[in-house]
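The values are calculated or read from the model by the stated rules, or taken from the named source; none is laboratory data. Bear in mind the structure is a predicted one, so any value in this text is a computation, not a measurement. For neighbour counting, all protein chains shown are included, and Cβ atoms are generated from backbone atoms with ideal geometry for every residue, glycine included.
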Amino acid sequence: MSEEDTTAFKLRRAGGRGPALVLCEHASNAIPARYHGLGLHETDRQSHAVWDPGALALAERLSAALDAPLVAGTVSRLVYDLNRPPEAASAMPVKTESVDVPGNIALSEAERAQRTRDIYAPFCTAVTETIAARKTLGTPFALITVHSFTPSWFGAPRAVEIGILHDDDTRLADRMLDEARRLPGRRIARNDPYGPADGVTHSLKLHGITNNLPNVMIEVRNDLLADETGIEMIAGELLTLLRPALAGLGLTETDNA
């Protein structure tokens, strides 16, 4: 496999041989012209409702440090949320927090199916093919998904700074949380600010649990990712958790990582 850019995803470090595969589903705020901006106000086009600010830059740093392939979405999550199954209303939401999405109101089944074919299916195929390619190497690896979240939700501040999220498979999350003692000043929590009940573990279940890959979803408060300095700092802190956690599961880094 080689690096690839499409209208639905981009693939980086396809030949990575490290102990992980990294996904960033909400990497982009791009809305293809055919969707006419979804009818959003211009201020909303740049908001966290449309994407996860800072998540892609963070995912790229983790991918480079771990010599891990990276599959990232290239379309706004309001067009299609790649961390939701097609049957979920939240895959193409009509509202998120206080942001209305006029272009998603009263979508027909045909329109929903078209977006699924255009955006969700190619992304999932890219992930599936990357997993298959990695498995041919014969070295075990984990699935890591990278997200960011807003410091307040419906006006309520969020104290947590880094969320370590999981579904039924807790292997990697447990070990990362055990390592949290290495970052005593950082507010780190399990399944916070979201958890399985919020429907946010779709990628973990579909691509991780189904393939028996240790898996974790990392959520970082986006004010910590506002500039290059912050992104580098958080990447370093996450690697402080990830590297011993991965090693503890027998997932070792390559010499050129």
Looking only at the range 23-48, and only at residues there that are aliphatic (A, V, I, L, M) and under 30 Å from L213 (Cβ atoms), the one that is surrounded by the most Cβ atoms within 10 Å (Cβ to Cβ): L23
Long-range neighbours under 8 Å by Cβ, at least six apart or interchain, first residue farther than 8 Å from P69 by Cα and assigned to a strand (DSSP E or B) within the range 1-24, second acidic (D, E) and at pLDDT 95 or above: C24/D52
Some residue of the range 97-104 being of a type outside the set (D, E), touching a strand residue (DSSP E or B) at 6+ places or on another chain (Cβ under 7 Å) and modelled with pLDDT under 95: no
Filtered residue count, the range 37-78, keeping only those that are within 16 Å of the chain's Cα centre (by Cα) and either farther than 30 Å from E253 by Cβ or part of a loop (DSSP other than H, G, I, E, B) (or both): 14
A27 being of a type in the set (G, A, S), more than 13 Å from the chain's Cα centre (by Cα), at pLDDT 95 or above and closer than 17 Å to H147 by Cα: no
Any hit, the range 71-81, residues being under 20 Å from R134 (Cβ atoms), touching a Lys or Arg at 6+ places or on another chain (Cβ under 6 Å) and buried (at least 19 other Cβ atoms within 10 Å of the Cβ): yes
Candidates R134, R84, R117, filtered to the one that is at pLDDT 95 or above and either in contact with a His (Cβ under 8 Å, 6 or more places away or on another chain) or not in a helix (DSSP H, G or I) (or both): R84
Yes/no for A91 being aliphatic (A, V, I, L, M) and either in contact with a Leu (Cβ under 6 Å, 6 or more places away or on another chain) or farther than 30 Å from I188 by Cα (or both): no
